[in-house]
Amino acid sequence: MALSIDNPTDSAIDTHASAGSDLPVRSAVIKRHGVFTRIWHWVNALCLLVLLMSGLQIFNAHPALYWGHGSTFAHPVLAIGAYRAADGQPVGTLDIGHHRFITTGVLGVSSDNGQTVARAFPSWATLPGSQWLSLGREWHFTAAWVFTAMLVSYLIYSVISGRRRRLIAPTSRDARTFGHAIVEHLRFRFERVRHYNPLQKLTYLAVLFGLLPLMIATGLSMSPTMDAAWPWLPAVLGGHQSARTLHFISAFLLFGFFLVHVALVLVSGLFNNLRSMTTGGYRIADASEDESNRQGKRRS
Amino acid sequence: MKPQNDKTGLIVPDVARRRLIAGLATGFGALGASVLLGGCDRLVTSDAAQRVVGSTQKLTQAAQRLVASRESLAREFDASQIAPTFRTNGTTNPQQAAYRRLLADGFSDWQLRVGGLVERPASFSLAALKAMPSRTQITRHDCVEGWSCIGQWTGVPLTQILDAVRPQDAARYVIFHCADHVYGAATPYYESLDMVEAHHPQTILAYGLNRQTLPVANGAPLRLRAERQLGYKQAKYLMQIELVDSFASIQGGKGGWWEDRGYQWWAGI
């Protein structure tokens, strides 16, 4: 049965008293993530990497963003460009509104195999590395298919699975401990407990049900056939070019999420976190407190 | 690995910070190493990978045909939304002698030849096309590069031309042969649509842009508008329309000038 991967018993793999402790604190390994979550996580990570890098390749074909239905070429919201300075040296620029940032070396002008080239995002950030729009598009759409199919099934799973709901659904306790969670994060103190803290829940909910679906919606509305099929889609997003801009912004919000996510995985116990996303096992600090918190739900 | 924690089960902050720094250093190191190796790029651009990622366009086409009905229309805009200048790209001024001669005479000698798998091959002068019932539409042109431009197009629905020449049952694609050689290529530009897109109500052969005669830069005397497809489908400088059962024997065999150079035949996305 499909739901058997979501067995709610969470039997502890092992427990032991921490050595050299005066207090009888017992840590225990619980099963944090089901097999579907673990597979989804890693396939999704690969998809997002391909989507980001091929997306930057596509962006390089016309490195400017606009707001509205059509492009207002003289007034982009954001543009990456290059010019030659008086001394003949190429200069890379990033224009956001009326603000210009000199970005030589990374944006606008960068080095590719020792050659200085004028391209928006540098070759190490794009897929493929060279300027190759058609192949970048094919990788992008292929990864988008896998990503979309996985996300739709995962969101359905997240709603119907007891384990996922218990892990990420906010509770009234989360509202009460919200301030405490912020303070603990700022102090780089991370409790190893069974459930996600309120900040984790909010972040994962916003990414899973907000940012990731927004990537798909804004991506679809860049397709002229989809715009004809679902004219409401570009309309609610403010127009075709607005959708393209939102797609770009959402991609960078996701990249920001990725950076914070990796940083927090590193500081809150790299091994324990990696284990919970590979074998599913996650060591919590205090099994006895956990047991009393769970109000006898545990069978073993 | 023994988890580093004190009696309260909290990660010690200093340890956490050290780990963050070490982790970030490792991450950037790994990134640098992967760039140096460049093995990833060889995999991404390999023939096998290109075949795999290229095959998903069939899935995309099938899915889009499923959700977009034959008749679903591209959005039409208000006159106030028309771009001040319609951006041009590709060829903007064909230099071929034959085209220059036609242009010099105001296209009075120009004829659109329509043939191939049809019952009644025919040629249409510009005057004859302009005498036919026309359609005017203010639509958004979406370039594969990512920019969009709104313009008002006036022309003959392609359906009317097809009705006049009566396609044979075997006809599956409409090929548009053009006068221009993009970037000085040896062979002229061409494009193709299947019969669904060819019969779409907004698929027109346009001779007018923004209430004016179609300028040379935008494809004079006649260009294709297929409004549910990307810009490279909108063939300019039309000379001949040919109905075929397969485009395998035409130029590179992929159904279009850009398609022969790696772009997808399905230009709905």
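Read-outs throughout are calculated quantities, based only on the coordinates presented, and are distinct from any laboratory measurement. These numbers were taken from a predicted model, which means no experiment stands behind them. Neighbour counts run over all protein chains shown; Cβ positions are idealised from the backbone, glycine included.
Computed values, structure above
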{"item": "Spin-label proximity, A:H41 to the stretch A:243-278 - amide N less than 11 Å from point 7 Å beyond Cα toward beta carbon", "result": "A:265, A:271-278"}
{"item": "Whole-Hz ³J(HN,Hα) from phi, Karplus 6.51 cos²θ - 1.76 cosθ + 1.60, for the stretch B:241-248, glycine and proline x", "result": "10, 10, 9, 9, 9, 7, 9, 4"}
{"item": "Amide N of the stretch A:36-70 lying under 17 Å from the label point, which is placed 7 angstrom from the Cα of B:L43 along Cα→Cβ", "result": "A:42-54"}
{"item": "Overall form of the stretch B:129-169 per C-alpha gyration tensor (a/c, 1.5; a/b vs b/c)", "result": "oblate"}
{"item": "Mean-position separation - Cα centroids, the stretch B:104-181 and the stretch A:61-137, in angstrom", "result": "37"}
{"item": "Per-residue ³J(HN,Hα) for the stretch B:203-211, Karplus 6.51 cos²θ - 1.76 cosθ + 1.60, θ = phi - 60°, Hz, x for Gly and Pro", "result": "7, 10, 9, 8, 10, x, 10, 6, 6"}
{"item": "Virtual spin-label span in nm between A:F255 and A:L199, 7 Å along Cα→Cβ", "result": "2.4"}
{"item": "Among A:144-157, B:228-241, the order from most to least packed when residues are scored by Cβ within 10 Å on average", "result": "B:228-241, A:144-157"}
{"item": "Distance in nm between pseudo-label sites at A:L78 and B:L66 (7 Å out along the Cβ direction from Cα)", "result": "3.3"}
{"item": "Estimated FRET transfer efficiency (B:Q111, B:Q81; beta-carbon r; R0 25 Å; 0.05)", "result": "0.10"}
{"item": "Within a Gaussian network of chain A (alpha carbon springs, distance under 10 Å), most fluctuating of A:S172, A:S134, A:S288", "result": "A:S172"}
{"item": "Summed side-chain charge close to A:V91 - residues other than A:V91 whose Cβ falls under 11 Å, Lys, Arg +1, Asp, Glu -1", "result": "+1"}
{"item": "Convex hull volume per residue for the stretch A:137-221, taking Cα atoms only, in Å³", "result": "131"}
{"item": "Sites B:T159 and B:R261, calculated FRET efficiency, Cβ-Cβ separation with R0 30 Å, nearest 0.05", "result": "0.50"}
{"item": "Cα-centred dipole magnitude for the stretch B:74-261, charges only on beta-carbon of K, R (+1) and D, E (-1), debye, nearest 20", "result": "380"}
{"item": "Longest exposed-site-free window of chain A, the sites being trypsin sites (Lys or Arg not before Pro) in a DSSP loop that have at most 15 other C-beta atoms within 10 Å", "result": "A:1-186"}
{"item": "Chain B: angle of helix B:13-37 to the longest principal axis, Cα-based, in degrees nearest 10", "result": "40"}
{"item": "Value of [θ]222 nm, deg cm²/dmol, for the protein assembly as shown, DSSP H segments ≥ 4, -39500 (n - 2.57) each, nearest 500", "result": "-12500 deg cm²/dmol"}
{"item": "Rounded tilt (10° steps) of A:133-160 against the dominant C-alpha axis of chain A", "result": "30"}
{"item": "Cα gyration tensor shape for the stretch B:74-261, rounded if a/c is under 1.5, else prolate or oblate", "result": "rounded"}
{"item": "P(r), alpha carbons of the protein assembly as shown - 20 Å bins starting at zero, rounded %", "result": "18, 43, 27, 11, 2, 0"}
{"item": "Nearest 10 degrees, 0 to 90: helix A:35-61 Cα axis against chain A principal axis", "result": "10"}
